[in-house]
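K.L.:
First the structure, then my questions, so here it is.
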Amino acid sequence: MEFVIIIAAVVLIAAFVAYVQRGQQKTNCPQCSSPQVRQLEQQLKEIRQDSGTIGYAVKLDVKLIMETSYRCQTCNHSWTVTAPER
Ligand SMILES: [Zn+2]
């Protein structure tokens, strides 16, 4: 059972990484709308939550979110964008 969950999680992460790489787009500063934005850090977070026991099977929801930090090189404003897995 645990083995199946691990495989499912690996497949999910692989699909998510492919999705993020495909979906990357230009970001403008939300403060001065300058395109001179630098990506500082990208972090993949996995949130697991048990959504209850159904019979003998435990349904496990794995949610992945991508947190990306940016800094504007024009006005030095920094912010974080969270992109949830769809
Ligand atoms: Zn700016």
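The numbers here are math on the coordinates, done by the rules we state, and not lab data. The structure presented is a predicted model; accordingly, all values stated were derived computationally and were not measured. We place every Cβ from the backbone using ideal geometry, glycine too, and count neighbours over all the protein chains shown.
K.L.:
Using a Förster radius of 22 Å, what is the FRET efficiency between VAL62 and LYS26 based on their Cβ-Cβ separation? Nearest 0.05, please.
P.N.:
Calculated value: 0.15.
K.L.:
HIS77 to ALA15: extension gain in nm, 0.36 nm per residue of separation minus the Cα-Cα distance?
P.N.:
Net length gain for the segment: 19.2 nm.
K.L.:
Taking H placed 1.01 Å from N in the peptide plane, check which residues at least 5 places from HIS77 or on another chain put their amide H under 5 Å from its amide H.
P.N.:
Amide H neighbours of HIS77: CYS72.
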